[in-house]
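Written out below as structure tokens is the structure these notes cover.
Nothing in this text is a laboratory measurement; each read-out follows from the coordinates by a stated rule. Remember, predicted model here, so these are calculated numbers, not experimental data. Virtual Cβ from ideal backbone geometry, glycine too; neighbours counted across all protein chains shown.
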Amino acid sequence: MKKKIREKLEDLPVDVSKLPGWAKAQTRVDPTDIKIPTRRITINIDSDIIAIFKTEALRGGPPYQVAINQALRAYLRERETKRQAETKEAILLALNDPKVRSKIRSISARAR
């Protein structure tokens, strides 16, 4: 089987982009390079928070608007991770409950 596949691969041209009907191969895109569209909004943020982000920007960090966006994104990721962990913990606790275990056994017995 492997021999047949190897023979078929050897028959293929190395660069198919020059064959009639074939377009040049597209380059792969790194998902981290994709720019998510932004939207201009008006938001009220405390002056001291803005000052912290602007100070970080002056020290060589990203522009303060970008830094605020990154902070919001990091917060949302952390919150989602925490929720997933809490859900997982709740499921594991429920599986240790004898009533839940007997219900699962009865459901699986009916399914047989």
Debye, to nearest 20: dipole size of region 39-90, +1 on Lys, Arg Cβ, -1 on Asp, Glu Cβ: 260 debye
Selected from A57, A71, I45, residue furthest toward positive end of dipole (region 27-112; charges at beta carbon): A71
